[in-house]
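K.L.:
Before anything else, here's the structure in question.
The values are calculated or read from the model by the stated rules, or taken from the named source; none is laboratory data. Just so it is clear, the structure is predicted and the values come from calculations on it, not from any experiment. With ideal geometry, Cβ positions are generated from the backbone for all residues, glycine too; neighbour counts draw on all protein chains shown. In case anyone asks, the SASA skips ligands and DNA or RNA and just uses the protein heavy atoms, side chains included. Shrake-Rupley method; radii C 1.70, N 1.55, O 1.52, S 1.80 Å.
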Amino acid sequence: MAFESPTLPDKKRLLGLDPGLRRTGWGVIDVKGNHLIHVANGVVCSDSGKTIAERLVQLHSGILNLVKQFQPQEVAAEETFVNKNPESTLKLGLARGAVLLAPALSGIPVSEYAPNKVKKAVVGAGHAAKNQVQIMVGNILPKAVLANEDAADALAVAICHAHFTQNPVLVDQVSRKNGLKQNTPNNQSRLKDLIDAALLKEASR
């Protein structure tokens, strides 16, 4: 795992989760004004040699410890990808339930985002490849040392949540990605129109 910034005043702390039975990726960011600040990232693993019930306890306990350690104000998770294998889909659903139960029991609101929505928020394309997501996460959070691709996906979920809940952050990050000048009314208005159009298109699908 990688740690970075201290707790900041007037900020919102987000925990992103990429649930999985074998590995659940997690990433913590702080939202302060127009800035996204990397705090930490890593994975919670379960032991494949144990029973499903024991593995669910491992995941739940691991995420509960993260909630206690980092005290996020909001949590975001990637929605379950339906696998062609019913047994794999069921196991993923069980893992997801164990993972999301930890923040829910702590009274922290949990939001969920489809994989395509996460990719669109971070990369700009709903069908972006995993390596593209990792590259953009690194661009948005340049000081983050990514534990692995699961942690990168979790940070992407946290970034997506910040984008959809904080317009100033979204405008700032899209501006940087497109090389536009910051904090000009015309650019912010143009970006907001583009963002609103993209969200409307996504919602209509």
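K.L.:
Give, in nm to one decimal, the length gained when the segment between Asn116 and Thr51 is fully stretched (0.36 nm per residue of separation minus the Cα-Cα distance).
P.N.:
Roughly 20.2 nm would be gained on extension.
K.L.:
Hey, got a sec? Which trypsin sites (Lys or Arg not before Pro) in segment 22-110 land in a DSSP loop and have at most 10 other Cβ atoms within 10 Å?
P.N.:
Here the sparse-neighbourhood loop sites are Lys84.
K.L.:
Amide H to amide H under 5 Å from Ala77: which residues, 5+ apart in sequence or cross-chain, H placed 1.01 Å off N in plane?
P.N.:
Leu17, Ser111, Glu112, Tyr113
K.L.:
How do Lys143, Lys117 stack up against each other in accessible area, from largest to smallest, with a 1.4 angstrom probe?
P.N.:
Listed by decreasing accessible area, they come as Lys143, Lys117.
K.L.:
What nm distance separates the two modelled labels at Lys143 and Ile108, each placed 7 Å from Cα along Cα→Cβ?
P.N.:
2.1
K.L.:
Ranked from the most accessible area to the least, with a 1.4 Å probe and all protein chains present, what is the order of Val99, Val57, Val43?
P.N.:
Val57, Val43, Val99
K.L.:
May I pose another question? Just list whichever of Lys68/Lys117; Lys32/Lys68; Lys50/Lys117; Lys50/Lys119 have alpha carbons separated by over 26 Å in the model shown.
P.N.:
Too far apart for the 26 Å limit: Lys68/Lys117; Lys50/Lys117; Lys50/Lys119.
K.L.:
Suppose R0 equals 30 Å; then what is the FRET efficiency for Gln69 and His127 from their Cβ-Cβ distance, rounded to the nearest 0.05?
P.N.:
In this case the efficiency is close to 0.30.
K.L.:
Keeping all protein chains in position, work out how much accessible area Ile135 exposes to a 1.4 Å probe, and write it in Å² to the nearest 10.
P.N.:
Only protein atoms counted, so the area is about 100 Å².
K.L.:
Below 8 Å, C-alpha to C-alpha, sequence gap of six or more: please give me the relative contact order for segment 97-165 in percent.
P.N.:
Rounded, it is 28 percent for segment 97-165.
K.L.:
When Rg is the radius of gyration of the Cα atoms in segment 44-138 and Rh is its Kirkwood radius, what does Rg/Rh come to?
P.N.:
Ratio of gyration radius to Kirkwood radius for segment 44-138: 1.00.
K.L.:
Take every Cα pair under 8 Å in segment 76-131 that's 6+ residues apart, average their separations, divide by the length, and report that relative contact order as a whole percent.
P.N.:
The normalised contact order for segment 76-131 reaches 37 percent.
K.L.:
Working with all protein chains in place, sort Asp30, Asp47 by solvent-accessible area computed with a 1.4 Å probe, largest first.
P.N.:
The ordering from most to least exposed comes out as Asp47, Asp30.
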